[in-house]
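Please read the structure below before turning to the comments.
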Amino acid sequence: MANFARQKRPNNFSGREERMELILATRNQGKIRELERMFRALAFDVRILGLDDFPEVGSLSEPGRTFFENALHKASTVCRLTGQPALADDSGLEVDALAGAPGVYSARYSKEGASDVENNRKLLQDLANTPREHRTARFRCQLVACLPGGETLSAEGTWEGWIGFESKGDNGFGYDPLFIDRQTGLTAAQMPAEEKNSKSHRAKALKRFVRAWPEFVRKLEKGKDL
Ligand code: ITT
């Protein structure tokens, strides 16, 4: 497989001599927007790049049966093709009345290449006869980072709520207009970005990830000195 690395990076993971670059291994603009804002809010000291900077990386498949397998597959593919550290997000909605569906199929629930509107329409249809008390659901986000030496760091987050009876709100992306936060009763699309980004599955996963990062980097650097 071709290696598309453009610049050889020094073996420096802490960013002390040169800030490390981390490629977000996703083409979902909603995820990119949220991850970039959250990284800024957490003052995470790496330079974030999008896949737009790497047109050589084609579309990323999701062959796994779990969020972890898919995130690992996307991150390791981008890391291998670019020669640079990559972070992937595999996420989705789990609806209890649908035995956890759409789950890993969230992006292609109504069909391959489906739009958010089509997926939301199918979800409402599938829950047409489901009363409020059985419409409980959660968003789940799995983050996996892969470094060129083969090291990985992962973190998960969930957000509990239920599925509404109609779309509400214009913010966010995906299932946000149908997902009602258990605490506030607002859909994720009715919340300002800052509120969603402080309590979402992605926010929780990213906070855990950023918290674990310094120790991860320390171990890597220590390993290199041996
Ligand atoms: P990449 O693989 O390129 O990252 P994708 O959209 O295919 O993009 P996933 O396979 O992880 O990503 O599918 C996630 C789907 O789950 C996404 O398309 C949404 O429909 C839904 N989803 C995940 N997080 C969400 C959120 O915060 N709000 C609304 N919907 C979300």
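The values are calculated or read from the model by the stated rules, or taken from the named source; none is laboratory data. Treat the numbers as computed from the prediction; the structure is a model and nothing was measured. Every residue, glycine among them, receives a Cβ derived from its backbone with ideal geometry; neighbour counts consider all protein chains shown.
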Residues of the stretch 181-198 being within 14 Å of the ligand (Cβ to nearest atom) and either crowded, with 19+ Cβ neighbours inside 10 Å or of a type in the set (S, T, N, Q) (or both), which ones?
181, 187, 188, 189, 190, 191, 196, 197, 198
Quick check: anything in the stretch 78-85 in contact with a strand residue (DSSP E or B) (Cβ under 9 Å, 6 or more places away or on another chain) and not in a helix (DSSP H, G or I)?
yes
For residue 158, are the conditions met, namely being closer than 16 Å to residue 89 by Cβ and either over 17 Å from the mean Cα position of the chain (by Cα) or surrounded by fewer than 21 Cβ atoms within 10 Å (Cβ to Cβ) (or both)?
yes
Name the one entry in 173, 209 that is surrounded by fewer than 16 Cβ atoms within 10 Å (Cβ to Cβ), of a type in the set (A, V, I, L, M, F, W, C) and closer than 23 Å to residue 94 by Cα.
173
Residue among 105, 109 that is within 29 Å of residue 180 (Cβ to Cβ), of a type in the set (Ser, Thr, Tyr), touching a strand residue (DSSP E or B) at 6+ places or on another chain (Cβ under 8 Å) and surrounded by fewer than 17 Cβ atoms within 10 Å (Cβ to Cβ):
105
Looking at (1) more than 11 Å from the ligand (Cβ to nearest atom); (2) on the phi > 0 side of the Ramachandran plot, which one does residue 103 not meet, given that it meets all the others?
(1)
From the options 123, 143, residue that is touching a residue at least 60 places away in the same chain (Cβ under 8 Å) and in contact with a strand residue (DSSP E or B) (Cβ under 8 Å, 6 or more places away or on another chain)
143
Give me the pairs: first residue in the stretch 27-42 and in a helix (DSSP H, G or I), second residue more than 12 Å from the ligand (Cβ to nearest atom), beta-carbon distance under 7 Å, and six or more apart or on different chains, which are they?
36/48; 39/48
Of the residues in the stretch 47-67 that are in a loop (DSSP other than H, G, I, E, B) and away from the ligand (no atom under 14 Å from the Cβ), the one that is surrounded by the most Cβ atoms within 10 Å (Cβ to Cβ) is 56
Taking the stretch 124-175 and the residues there that are of a type in the set (Val, Ile, Thr) and away from the ligand (no atom under 16 Å from the Cβ), the one that is nearest to residue 83 (Cα to Cα) would be 152
Hey, residue 137 of a type in the set (Gly, Ala, Ser) and at pLDDT below 95 or not
no
Out of curiosity, is residue 90 more than 10 Å from the ligand (Cβ to nearest atom) and not basic (Lys, Arg)?
no
